[in-house]
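Notes for the one structure printed next.
The values are calculated or read from the model by the stated rules, or taken from the named source; none is laboratory data. Just so it is clear, the structure is predicted and the values come from calculations on it, not from any experiment. Glycine also receives a Cβ, built like all others from the backbone with ideal geometry; neighbour counts cover every protein chain displayed. Areas reflect the complete protein model, heavy atoms only, side chains present, ligands, DNA and RNA absent. Shrake-Rupley method; radii C 1.70, N 1.55, O 1.52, S 1.80 Å.
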Amino acid sequence: MNRYTVAVLVKNKFGVLNRVTSMFRRRQFNISALSVSETESSDLSRITVTFDGEETCKQQLVNQLYKLPDVCSIKELTIDNSISCELLLIKMRNDPATRDEIRAAADAFSAATVDYSKDYIMLRLADDSRRVDDFIDIMRDYTILEICRTGTASLEKGSTTIRQTINF
């Protein structure tokens with residue numbers, strides 16, 4: 001099974017997100033990350049979806065998405081053709097015995113301390129999904145109190161934009 005990331009440019013209207021994600025459900029794709037936001041135009045929203053599946057099924061899904069009336073454009077984003085970033089907030093137990101090790105790992109990954117008390121340390125890391133996963137794996141050696149991570153934000157490299165291929 002392969003992992004795919006697609007950006008879907010849609011009309012910014014009520015119910016569009018539900019219709020797009022329902023298409024993934026009907027095709028039995030499990031969405032592993034989802035990010036949605038208004039674009040540079042308030043008339044359009046960008047839905048970035050990361051999911052696992054087979055190539056032929058992915059292509060069928062994209063073809064079905066294009067049939068939705070509010071879908072304007074779709075771009076498949078890969079490691080080679082895009083820049084991706086994910087945000088992680090992780091709250092760790094502030095144990096004096098492990099504090100230095102946690103801070104050393106945070107420094108190695110360029111994670112910022114965003115909140116600190118005698119009971120916990122909250123760190124923020126913005127990086128690609130693989131580095132976020134690696135950081136979480138290291139933190140599992142200590143006491144993780146809570147994790148929150150966003151979906152992938154991804155833009156295609158070069159001067160081409162998703163708006164240049166709008167299919168109204």
Practice problem: Leaving out ligands and nucleic acids, note down the accessible area per residue over region 39-110 with a 1.4 angstrom probe, in whole Å². | Solution: 51
Quiz item: Got a sec? Which residues in region 138-157 would a label at ASP115 touch, if it sits 7 Å along Cα→Cβ and we count backbone N under 18 Å?
Solution: 143-150
Practice problem: On a 0 to 90° scale, report how tilted helix 99-108 is relative to the longest principal axis of the chain, with both axes built from alpha carbons and the result rounded to the nearest 10. | Solution: 40
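What order, most packed first, do the peptides 32-43, 66-77, 50-61 have when packing is the mean number of other Cβ atoms within 10 Å of each residue?
66-77, 50-61, 32-43
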Quiz item: Between ASN63, ASN18, ASN94, which gets the highest mean-square fluctuation from a Gaussian network model of the chain, Cα cutoff 10 Å?
Solution: ASN18
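So how strong a dipole does the chain carry about its Cα centre when Lys and Arg Cβ are +1 and Asp and Glu Cβ are -1, to the nearest 20 debye?
Approximately 760 debye in magnitude.
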Practice problem: Under 14 Å between C-alpha atoms is the cut-off here; go through the chain and count lysine pairs that meet it, provided they're at least eight residues apart or on different chains. | Solution: 4
Quiz item: Using a Förster distance of 25 Å, how high is the FRET efficiency between ASP134 and GLN64, based on the Cβ-Cβ distance and rounded to 0.05?
Solution: 0.15
Quiz item: Ignoring any ligand, DNA or RNA, what whole percent of the accessible area of the chain comes from carbon and sulfur when the probe is 1.4 angstrom?
Solution: 48
Self-check item: Size of electric dipole in region 12-91: Cβ of Lys, Arg +1 and of Asp, Glu -1, about Cα centre, debye, nearest 20
Solution: 400
Quiz prompt | Amide H contacts of ASN94 (H built 1.01 Å from N, under 5 Å, at least 5 apart or other chain) | solution = TYR120, ILE121
Practice problem: Calculate the dipole size of region 56-155 relative to its Cα centre from +1 charges on Lys and Arg beta carbons and -1 charges on Asp and Glu beta carbons; express the result in debye to the nearest 20. | Solution: 280
Practice problem: Place +1 on the Cβ of every Lys and Arg and -1 on the Cβ of every Asp and Glu in region 101-168, take the dipole about the Cα centre, and give the residue among LEU125, ALA106, THR143 whose Cα lies farthest towards its positive end. | Solution: LEU125
Quiz item: Which option, [x] 1.00; [y] 1.14; [z] 1.21, is the value of Cα Rg over 2.2 N^0.38 Å that was calculated from these coordinates?
Solution: [z]
Practice problem: Using R₀ = 45 Å, calculate the FRET efficiency as 1/(1 + (r/R₀)^6) where r is the Cβ-Cβ separation of ASN2 and ALA97; round to 0.05. | Solution: 0.60
